[in-house]
1. Do we have residue 74 as closer than 30 Å to residue 181 by Cβ and in contact with a His (Cβ under 6 Å, 6 or more places away or on another chain) here?
2. What number of residues within the stretch 39-55 are within 12 Å of residue 165 (Cβ to Cβ) and either of a type outside the set (Val, Ile, Thr) or open to solvent by 10 Å² or more (accessible area, probe 1.4 Å) (or both)?
3. When the stretch 201-237 is examined, which residues are found to be assigned to a strand (DSSP E or B) and open to solvent by 10 Å² or more (accessible area, probe 1.4 Å)?
4. So, in the stretch 121-144, of the ones that are in contact (Cβ under 8 Å) with a residue 24 or more places away in the chain and either in contact with a Leu (Cβ under 8 Å, 6 or more places away or on another chain) or farther than 20 Å from residue 186 by Cβ (or both), which residue ends up most open to solvent (accessible area, probe 1.4 Å)?
5. Considering each residue of the stretch 31-59, count those that are under 18 Å from the mean Cα position of the chain (by Cα) and assigned to a helix (DSSP H, G or I), and give that number.
6. Which residues, counting only those in the stretch 184-200, are under 14 Å from residue 230 (Cβ atoms) and assigned to a strand (DSSP E or B)?
7. Out of all the residues in the stretch 148-178, which are open to solvent by less than 90 Å² (accessible area, probe 1.4 Å), outside any loop (DSSP other than H, G, I, E, B) and at pLDDT below 95?
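The values are calculated or read from the model by the stated rules, or taken from the named source; none is laboratory data. All of these numbers come straight from a predicted model, not from anything done at the bench. No Cβ is skipped: glycine too gets one built from the backbone with ideal geometry, and neighbour counts run over all protein chains shown. Each accessible area value is taken on the protein alone, full model and side chains, heavy atoms only, with ligands, DNA and RNA left out. Shrake-Rupley method; radii C 1.70, N 1.55, O 1.52, S 1.80 Å.
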Amino acid sequence: MTDFAFRAAAGSVVGRRYSDNFDVVHLGQDPLLAVVADGMGDGEGSRTAGRTTVDVVIDRIRTAGNTLDAATLRAAVAEAQVQVGAAGRRIGQLTGCTLTALAASPAGLWLVQIGDSRGYRLRNGLLEQLTVDHTMAWLGAINGWYPFDSPEAHSARYQLTRYVGHNAHPEPDVLNIAPRPGDVLLLCSDGLTDQVPYSRISEVLQWTATPDRQVRQLLADTEKAGGDDNATAVIVHVAPA
C-alpha cells in the first residue's frame with residue numbers, strides 16, 4: 001500500500017488496581033503492524049495468554065508479508081487458540097485474552113478482533129467503533145434485553161462470548177479497511193474505554209498533535225479517572241505517502 005504513510009505510537013499503563021500490567025502491546029512500522037491483547041484476570045494464565053497470542057499473530061503476519069489476507073489472520077488466531085489452550089491446561093488456571101490487531105498490506109488495512117478490546121476510526125470529525133464487543137453486554141444492549149447503561153449491562157460486560165483461550169476455539173472478526181488521508185485509528189484495551197468517555201476520546205484524537213502526545217494524554221486520563229485497570233492504546237495517523 002504505497003499511497004499512504006502511517007505515523008503511530010503506542011503506550012500502556014498499569015493503573016492502581018493491579019501490581020503488574022497484563023495487557024500486551026506491539027507496534028511495528030514499515031509495514032504497520034499494531035497488536036493489543038488484554039489478559040483475563042491477573043495471574044500467570046493472563047500473562048501467558050496475552051504474550052503467546054501476540055507472538056503468534058506477529059509471526060504469522062510477518063511470514064505472510066504481501067500475501068496477507070483474511071484467511072491468514074483467521075489461521076493466526078486459530079493457532080493462538082491451540083497454543084493458549086495448551087498453556088491453560090499446563091498452568092491449571094484461567095488462561096485467556098482479547099486480541100485487536102491492525103496490519104497494513106497491499107490490499108489495505110486488515111483489522112482482526114476477538115474479545116472486548118476495540119478498534120476505532122476518526123474520519124471527518126466522526127469517531128466510529130469499527131469492532132464489536134464479544135460480550136453478553138453487547139448482545140443484550142443491541143437486542144433490547146436491557147439498556148446499555150443498566151446494572152444488568154454493567155455486570156454482563158465481563159461475560160466474554162469470544163476470546164483467545166475459549167475451549168470452543170471461536171473465530172475472530174476480520175475487516176478490511178480502505179484508509180484515507182486524515183484518518184486517525186485507535187486500538188485500545190477496555191481499561192481505556194471503561195474509564196475515558198467517548199466524547200473525550202474523540203476530542204483528543206482531533207487534536208493537532210503527534211500520535212505519541214495523544215496516547216500519553218488518553219492514558220493519563222485513565223489514571224485521572226482512578227486507574228481501575230491496565231490501559232493500553234495505539235494511535236495511527238494516516239497521511240499521503
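1. no
2. 9
3. Residue satisfying the conditions is 237 alone.
4. Looking at residues that are in contact (Cβ under 8 Å) with a residue 24 or more places away in the chain and either in contact with a Leu (Cβ under 8 Å, 6 or more places away or on another chain) or farther than 20 Å from residue 186 by Cβ (or both), I get 136.
5. 14
6. 188
7. Once the filter is applied, which keeps residues that are open to solvent by less than 90 Å² (accessible area, probe 1.4 Å), outside any loop (DSSP other than H, G, I, E, B) and at pLDDT below 95, the stretch 148-178 yields 153, 155, 156.
Results for (1) surrounded by 18 or more Cβ atoms within 10 Å (Cβ to Cβ); (2) assigned to a helix (DSSP H, G or I); (3) touching a helix residue (DSSP H, G or I) at 6+ places or on another chain (Cβ under 9 Å), shown as yes or no for each residue.
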residue: 61; (1), (2), (3): yes, yes, yes
residue: 71; (1), (2), (3): no, yes, no
residue: 78; (1), (2), (3): no, yes, no
residue: 85; (1), (2), (3): yes, yes, no
residue: 88; (1), (2), (3): yes, yes, yes
residue: 93; (1), (2), (3): no, no, yes
residue: 101; (1), (2), (3): yes, no, yes
residue: 104; (1), (2), (3): yes, no, no
residue: 113; (1), (2), (3): yes, no, no
